[in-house]
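Scroll down for the structure; my scribbles are underneath it.
The values are calculated or read from the model by the stated rules, or taken from the named source; none is laboratory data. Since we're looking at a predicted model, the values are computed, not measured. Here the Cβ positions follow ideal geometry from the backbone for every residue, glycine too, while neighbour counts run over all protein chains shown.
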Amino acid sequence: MPQHASVGRGSITVDHLPPDLARELYRHMRTARDLDTEAIALQRQGIFPAYVSVRGQEAAQVGSAAALDPARDFVFPTYREMAAAQAYGVDMVGYMATHRALWHGGLYDVAASRFGAVNAVVGGPVPHAVGWAVGERLRGDDGVALAYFGDGASSEGDVHESMNFAGVYGAPVVFFCQNNQWALSVPNEHQVAGGSIAARAEGYGMPGVLVDGNDAGAVHRATVEAVAHARRGEGPVLIEALTYRVEPHSTSDDPGRYRDGSETERWRRRDPLTLLREAVIAAGHAEEDALSEIDEQAREEARRIRDGVSNTPEPEGTELFTHVFRETTDEVARQHRTWKEEVEP
Amino acid sequence: MAEETITFTLPDLGEGLVEATLLDWEVDVGDHIARNAPLVEMETTKSAVVIPSPHDGRVVELHAVPDEVVRVGAPLVTFAVAAADGPRAGIVGTVPEEESRPRRRVRLTPPTE
Amino acid sequence: MTELIEHTADTTTGPVVELSMQQALNRALHTLLAENSDTLVFGEDVGTLGGVFRVTDGLQKTFGTDRVFDTPLAESAIMGMSVGLAMNGWRPVPELQFDGFAYPALDQIVNQVARMNYRTRGAVPMPVTLRLPSFGGIQAPEHHGESLEALFAHTPGLKVAVPSDPGEAYRLLLQSVRCEDPVVFMEPKARYWDKRPVELAEPTEPVGTGRVVRRGSHGTLIAWGAMVHRCLQVAELAAEDGVELEVLDLRWLTPLDTDVLAASVRRTKRAVVVHEAPLTAGLGAEVATRVTENCFGDLAAPVQRVTGFDVPYPAGPLEPQYLPTIDRVLLAVQRTLEY
């Protein structure tokens, strides 16, 4: 499988994309960027207890999620996939509810969205993607599972075990690593022995692809090819999208303690959104005016989501007990009564 | 236009932090400030952050001065805003155990022995 | 008559400084690294960053990258590597960043760390101290507010320590790292930032000793970690009603101080155990049983348990309704008074 390096230094191309798709990628990335900005503000205003920014990773997330079929496929995210959720069509008010701590995992319908619950266990959902994909094969269906994980998660046993399983079973899984180069405070050179996550694919008998994660068009093409490979029954693919976490790990983090601001500045200048905007215009896929209109619509959409999540009512305390079991037990029911008698506000 | 005043209290800027030091105000009393415009710079044991304004409105009162240590949940700034300006900030993220006077509903009856 | 016990009862005299628990733990680690060149501190983000709660702040700068270092992100390997380092004569003090991420490492903790000394008939001791930011109360994301103490206490071969305030944190960490057995050291996140005067002195009481934090005659509240603070709040309110409650801080869950439990309940005749973890098979059941076994004839009422519910740890706004509330503890006390 070819490597999808971007064309030129600091520039990208979307000549290979249909114009409407290029504009859609831009719309999703713009919306995710504006929503990200609103979310950071909501944390500082006390509405969100904490937030994890996706800024700088929009191309990797939108380019890959847009290559899937939300009617057939299934996405297994971590906790930093807001832009992927946006591009995949997830109810974003429900998605952002996890950051307001209304419900761990979010308030969107995971089954209907075919987008897994927000999951904070690093690497934990990756084996789920393998199981889901094996299930598709057993039933004779052609859905593909895409598992997102990061450079930090690539060190976890669960991720290695999953790749081996997928290789052994020939499961239709796309392992999509967003290498944002920092696992909280630990840089790639202290995380990834050998320096390449994509190279590990060889050991598990699957193609490994390194792609410029800030190039939405290149990410999209690499994912389309990987999904087609898996859907044809040719087994799993590992994609490493090289990008950069320009914001802190979370709003509780202070990167000044562990990394050089000039490196972050260099990556901020290589902004995937700016690159895509310039490439869309250069390819003749849209005029400046049309993109400005998308900008305005994205801003409105981000505000709608912001206000929607801010105004979502808090869950009732009784919901503590609702979903523990499908068939509840006498003991849980008894404790529910205790809560009513002793705690209910 | 109908106005109401809203006091913004210091939210927990980290996970379980109880206080932060005010570094500098970005506004003065009487200023009009847009939502998300820089309001105040605070420093916690974890990091220094600029808090963006939670409201569109006029600054009526600043409750702390630079270098002052402000407790989470303490008033920071009061805005005059157009009525019904949306959700009020400062209700999430404080450490619940730090109430100066713990709340109770239950009263005890001492034993008679 | 209410009497507040001074926290210095079990220490030698040392300088008193005002510290948060996070700062007190940092001081203790500094002392431990300085006194024994075999001691190693490692884990995710503990080096350059100084830990997500800054407990290891500055240690790498002082003691170098050989003795204080960041690991790749792999909890099972962190604990497995601790076994190998201990086998080779080192004294590992690993950190797992949050309670919920100890689950991926449970195999190494339970199957390896806890039983290596037993398996090798004492040839290979495991002086490993696992530092684990634990428990809830800070409206954190999922897996960042779990209470695993019953799992660890149920694992033969592990000792379990839980400090409740900065001074206890300083002394218990010194004891844990110097201990020749593996210790799971559970740090209550909700108390990290609370400042108290700390006497920087050597601990004088042995491992496995609980303490009386407040004296009272009408009943005993039994707790560990952040729930000690909750029980002190309750005792203060109860005193307004004329009910004097004793508060015990167990400090060590393994070994559990049955003597301090029995001595207190024999005097007060009533016991309420309070913990954040779910009720069923929680450590409260063990405490209640020991009280019953030792004080059955003295008890004026059955031992009460006030705990988290048997539900997964909930998100932000539901957290205060999950954790034992002041009213729930007061109601349990009232049940023992009316029995």
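Across the range C:303-337, what is the number of residues that are more than 20 Å from C:Gly225 (Cα to Cα) and touching a Phe, Trp or Tyr at 6+ places or on another chain (Cβ under 7 Å)?
2
Residues in the range C:324-339 that are of a type outside the set (D, E, K, R), over 15 Å from C:Leu237 (Cα atoms) and part of a helix (DSSP H, G or I): how many? Reasoning before the result, please.
First, the residues of the range C:324-339 that are of a type outside the set (D, E, K, R): C:324-326, C:329-334, C:336-337, C:339.
This time we only want the ones that are over 15 Å from C:Leu237 (Cα atoms), so: C:324, C:336-337, C:339.
Pick out the ones that are also part of a helix (DSSP H, G or I) and you get C:336-337.
Selection size over the range C:324-339: 2.
Residues to consider are A:Ala216, A:Ala183; find the one that is more than 29 Å from C:Phe69 (Cβ to Cβ) and assigned by TED's automatic domain parsing to the domain that holds A:Ser252. Step through it out loud before you land on a result.
On the way: A:Ala183 fails: more than 29 Å from C:Phe69 (Cβ to Cβ).
So the residue among A:Ala216, A:Ala183 that is more than 29 Å from C:Phe69 (Cβ to Cβ) and assigned by TED's automatic domain parsing to the domain that holds A:Ser252 is A:Ala216.
Specify which of the listed residues (A:Ala290, A:Ala286) is in a helix (DSSP H, G or I) and not charged (D, E, K, R).
Working: A:Ala286 fails: in a helix (DSSP H, G or I).
Exactly one residue qualifies, and that residue is A:Ala290.
Among the numbered criteria (1) over 30 Å from A:Thr312 (Cα atoms); (2) under 14 Å from the mean Cα position of the chain (by Cα); (3) among the polar types (S, T, N, Q), which single criterion is violated by A:Ser155?
For A:Ser155, the failing item is (2).
Determine whether A:Glu58 is among the charged types (D, E, K, R) and without any contact (Cβ under 8 Å) to a residue 40 or more places away in the chain. So that I can check it myself, show each step before the final result.
Working: among the charged types (D, E, K, R): yes; without any contact (Cβ under 8 Å) to a residue 40 or more places away in the chain: no.
Here the answer is no, as A:Glu58 does not meet what is asked.
Looking at the structure I just gave you, is C:Leu106 at pLDDT 95 or above and surrounded by 17 or more Cβ atoms within 10 Å (Cβ to Cβ)? Reasoning before the result, please.
Numbers: at pLDDT 95 or above: yes; surrounded by 17 or more Cβ atoms within 10 Å (Cβ to Cβ): no.
No: the conditions fail for C:Leu106.
Within the range C:77-129, track down each residue that is under 22 Å from the mean Cα position of the chain (by Cα) and among the small types (Gly, Ala, Ser).
If the condition is that a residue be under 22 Å from the mean Cα position of the chain (by Cα) and among the small types (Gly, Ala, Ser), then C:Ser82, C:Gly100, C:Ala102, C:Ala105, C:Ala114 are the ones that fit.
Would you mind stating whether B:Pro102 is modelled with pLDDT of 60 or more, within 12 Å of another protein chain (Cβ to nearest Cβ) and either out of contact with any strand residue (DSSP E or B) (no Cβ under 7 Å at 6 or more places or on another chain) or outside any helix (DSSP H, G or I) (or both)? Working first, answer last.
Numbers: modelled with pLDDT of 60 or more: yes; within 12 Å of another protein chain (Cβ to nearest Cβ): yes; either out of contact with any strand residue (DSSP E or B) (no Cβ under 7 Å at 6 or more places or on another chain) or outside any helix (DSSP H, G or I) (or both): yes.
So B:Pro102 fits the description; yes.
Among (1) of a type in the set (A, V, I, L, M); (2) within 10 Å of another protein chain (Cβ to nearest Cβ); (3) part of a strand (DSSP E or B), where does C:Ala77 come up short?
Looking at each condition in turn, C:Ala77 falls short on (3).
Name the residues in the range B:35-69 that are surrounded by fewer than 19 Cβ atoms within 10 Å (Cβ to Cβ), within 20 Å of A:Phe48 (Cβ to Cβ), of a type in the set (A, V, I, L, M) and at pLDDT 90 or above, would you?
The answer is B:Ala37, B:Val50.
So in the range A:116-143, with the set limited to residues that are small (Gly, Ala, Ser) and within 14 Å of another protein chain (Cβ to nearest Cβ), which one is nearest to A:Thr318 (Cα to Cα)?
First, the residues of the range A:116-143 that are small (Gly, Ala, Ser): A:116-117, A:120, A:123-124, A:129, A:131, A:133, A:135, A:140, A:143.
So of that shortlist, the ones also within 14 Å of another protein chain (Cβ to nearest Cβ) come out as A:116-117, A:120, A:123-124.
Values: A:Gly116: 25, A:Ala117: 21, A:Ala120: 24, A:Gly123: 32, A:Gly124: 29 Å.
Checking each candidate, the answer is A:Ala117.
Looking only at the range A:35-81, filter to residues that are among the aromatic types (Phe, Trp, Tyr) and part of a loop (DSSP other than H, G, I, E, B); which one of those is farthest from the other protein chains (Cβ to nearest Cβ)?
From the range A:35-81, those among the aromatic types (Phe, Trp, Tyr) are A:48, A:51, A:74, A:76, A:79; that's our starting set.
Filter again for part of a loop (DSSP other than H, G, I, E, B), leaving A:48, A:51, A:79.
On the way: A:Phe48: 7, A:Tyr51: 10, A:Tyr79: 7 Å.
Among those residues, the one meeting the criterion is A:Tyr51.
Restricting the search to the range A:77-126, which residues are under 16 Å from A:Tyr51 (Cα atoms) and among the aromatic types (Phe, Trp, Tyr)?
A:Tyr79, A:Tyr95, A:Trp103
Go through (1) within 11 Å of chain C (Cβ to nearest Cβ); (2) within 30 Å of the chain's Cα centre (by Cα); (3) of a type in the set (A, V, I, L, M, F, W, C) one by one and return the number of the condition A:Ala333 breaks.
(2)
Hey, could you check the range A:21-76 for residues that are among the basic types (Lys, Arg) and modelled with pLDDT of 95 or more and say which is surrounded by the fewest Cβ atoms within 10 Å (Cβ to Cβ)? Walk me through it before giving the result.
Keep residues of the range A:21-76 that are among the basic types (Lys, Arg), which gives A:23, A:27, A:30, A:33, A:44, A:55, A:72.
Now narrow it down to the ones that are modelled with pLDDT of 95 or more: A:23, A:27, A:30, A:33, A:55, A:72.
Working: A:Arg23: 19, A:Arg27: 20, A:Arg30: 25, A:Arg33: 23, A:Arg55: 20, A:Arg72: 14.
Residue satisfying both the conditions and the ranking: A:Arg72.
Residue under question is A:Arg245, and the condition is that it be within 30 Å of B:Glu19 (Cβ to Cβ), outside any helix (DSSP H, G or I) and either at pLDDT 95 or above or of a type in the set (Lys, Arg) (or both); does it hold? Spell out the reasoning first.
Working: within 30 Å of B:Glu19 (Cβ to Cβ): yes; outside any helix (DSSP H, G or I): yes; either at pLDDT 95 or above or of a type in the set (Lys, Arg) (or both): yes.
Yes; evaluated as a whole, the condition is true for this residue.
Just for the range A:87-115: of the residues that are outside any loop (DSSP other than H, G, I, E, B) and surrounded by fewer than 18 Cβ atoms within 10 Å (Cβ to Cβ), which one is farthest from the other protein chains (Cβ to nearest Cβ)?
Step one: filter the range A:87-115 for residues outside any loop (DSSP other than H, G, I, E, B), giving A:87-88, A:92-96, A:110-113, A:115.
Still in the list and also surrounded by fewer than 18 Cβ atoms within 10 Å (Cβ to Cβ): A:110-112.
On the way: A:Val110: 14, A:Ala111: 19, A:Ala112: 21 Å.
Once the filter is applied, the top-ranked residue is A:Ala112.
Hey, does the range A:259-268 have a residue that's in contact (Cβ under 8 Å) with a residue 24 or more places away in the chain, within 14 Å of chain B (Cβ to nearest Cβ) and at negative phi? Even if it seems obvious, please write down each step before you answer.
Step one: filter the range A:259-268 for residues in contact (Cβ under 8 Å) with a residue 24 or more places away in the chain, giving A:259, A:267-268.
Checking which are within 14 Å of chain B (Cβ to nearest Cβ) leaves us with A:259.
From what is left, the residues that are at negative phi are A:259.
Yes, because at least one residue in the range A:259-268 is in contact (Cβ under 8 Å) with a residue 24 or more places away in the chain, within 14 Å of chain B (Cβ to nearest Cβ) and at negative phi.
Which one of these does A:Asp271 not meet: (1) over 29 Å from A:Asp215 (Cβ atoms); (2) touching a Gly at 6+ places or on another chain (Cβ under 8 Å); (3) among the acidic types (Asp, Glu)?
(1)
C:Arg305 versus (1) under 28 Å from B:Thr112 (Cα atoms); (2) within 14 Å of chain B (Cβ to nearest Cβ): which is the lone unmet condition?
With respect to (1) under 28 Å from B:Thr112 (Cα atoms); (2) within 14 Å of chain B (Cβ to nearest Cβ), C:Arg305 is out only on (2).
For the range A:298-329, enumerate the residues that are part of a helix (DSSP H, G or I) and within 11 Å of chain C (Cβ to nearest Cβ).
Matches in the range A:298-329: A:Gly317, A:Thr318, A:Glu319, A:Leu320.
Look through the range A:116-153, keep the residues that are in contact with a strand residue (DSSP E or B) (Cβ under 6 Å, 6 or more places away or on another chain) and part of a helix (DSSP H, G or I), and return whichever of them is surrounded by the fewest Cβ atoms within 10 Å (Cβ to Cβ).
For the range A:116-153, the residue satisfying everything is A:His128.
Considering every residue within the range C:167-187, establish whether at least one is surrounded by fewer than 24 Cβ atoms within 10 Å (Cβ to Cβ) and more than 18 Å from the chain's Cα centre (by Cα).
Yes: one or more hits.
When you check C:Arg305 against the structure, is it free of Cβ contacts under 8 Å to residues at least 24 places away in the same chain, outside any loop (DSSP other than H, G, I, E, B), touching a strand residue (DSSP E or B) at 6+ places or on another chain (Cβ under 7 Å) and within 24 Å of C:Leu148 (Cα to Cα), yes or no?
Values: free of Cβ contacts under 8 Å to residues at least 24 places away in the same chain: no; outside any loop (DSSP other than H, G, I, E, B): yes; touching a strand residue (DSSP E or B) at 6+ places or on another chain (Cβ under 7 Å): yes; within 24 Å of C:Leu148 (Cα to Cα): yes.
Against the criterion (free of Cβ contacts under 8 Å to residues at least 24 places away in the same chain, outside any loop (DSSP other than H, G, I, E, B), touching a strand residue (DSSP E or B) at 6+ places or on another chain (Cβ under 7 Å) and within 24 Å of C:Leu148 (Cα to Cα)), C:Arg305 does not qualify.
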